[in-house]
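Input: a single structure, listed below in structure tokens.
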Amino acid sequence: MPEIGQTLRETRMRNRIDITEVEAGTKIRAKYLRALENEEWDLLPGPTFVKTFLRSYADYLGLDSRQLVEKYKQRFERPSTMELTPFARGPSGRRDRERRRSRAWLGPVLVIGILIVLVLGALYALGSWGDNQNGASSGTPTPTATPAKGKSKKKKAAAPTRVTLQIVPTGIVSVCLVDANGKTLINNQDLQAGHNSRRYRGKRFRVSFGNGQARLKAAGHTVDVPDRATPVGYDVRPGRRPRELSAARRPTCA
């Protein structure tokens, strides 16, 4: 079975395409294209960029990009920590007993709660009716309090504590998204134009894009991701415009 780099290089040479033509057509630097042909993965910015560049190069040559990317994943990409961690399995019998016990208590608690609400409502109605009767019999109108002028103050709106985030791809882009606790929400997944991510809501997010083919909607702001040769990351917080992260703080989902 031919290697990934060998397939790219032989296809390019068979079609008599110079590496500079590929660079102009894919917007990928020639040194990265040569690294793909030589399978020098360490010379590329990271696994996210390897898959993005490999897909763009294969599509330019008319090859099956999905097959080449899958071959790269199987041979060179390490499985993520989430894939290696087994799910904890607890005794199902204990959970079933706890569920049945909670359901048994649920009925009486609801009945008691409804009775308390009815009693409180009846007492409130009786008290209101008695006050109205006393006011009507005495003939004295009940004074109503008027707010003092100049003393009313507007309450300052509380700062938001949660933010809503959505990613809008404008092309094929690899996305890594983690929440405030470091939990991976999108694990280096390739999103395509027309397939927006779902809306995530939380206290804080960090997101990384493999290229600039995406927009970021968060906290009432829309940010166009700049097209660069290196990944771009953002810090998303409530009530603030998304702020670009340095390379050291950018999530990798590795």
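Here are some notes:
- Helices (runs of 4 or more DSSP H) contained in the range 31-136 and holding at least 1 residues modelled with pLDDT under 65 and under 30 Å from Ser208 (Cα atoms): 81-84
- Candidates Gly202, Gly139, Gly210, Gly220: the one that is outside the structural domain of Val236 (by TED's automatic domain parsing) and either within 13 Å of the chain's Cα centre (by Cα) or at pLDDT below 90 (or both) is Gly139.
- Qualifying residue in the range 223-242 (condition: over 22 Å from Ser56 (Cβ atoms) and without any contact (Cβ under 8 Å) to a residue 12 or more places away in the chain): no
- Taken over the range 5-24, the residue count meeting the criterion of being surrounded by fewer than 14 Cβ atoms within 10 Å (Cβ to Cβ) and touching a residue at least 40 places away in the same chain (Cβ under 8 Å) is 1.
- Candidate set from the range 217-244 (those that are touching a Phe, Trp or Tyr at 6+ places or on another chain (Cβ under 6 Å) and aliphatic (A, V, I, L, M)); member that is farthest from Ile28 (Cα to Cα): Val236
- Filter result for Ala35 (surrounded by fewer than 18 Cβ atoms within 10 Å (Cβ to Cβ) and hydrophobic (A, V, I, L, M, F, W, C)): no
- Here Pro238 clears all of (1) in the same structural domain as His195 (by TED's automatic domain parsing); (2) under 14 Å from Pro45 (Cβ atoms) except the condition numbered (2).
- Residue that is nearest to Pro238 (Cα to Cα) [pool: residues in the range 142-167 that are outside any loop (DSSP other than H, G, I, E, B) and at pLDDT 90 or above]: Gln166
- Taken over the range 24-53, the residue count meeting the criterion of being touching a helix residue (DSSP H, G or I) at 6+ places or on another chain (Cβ under 7 Å) and under 23 Å from Leu191 (Cα atoms) is 12.
The values are calculated or read from the model by the stated rules, or taken from the named source; none is laboratory data. Predicted model only: the values in this text are computed from it and were never measured. Reconstructed Cβ throughout: ideal geometry from the backbone, glycine too, with neighbour counts over all protein chains shown.
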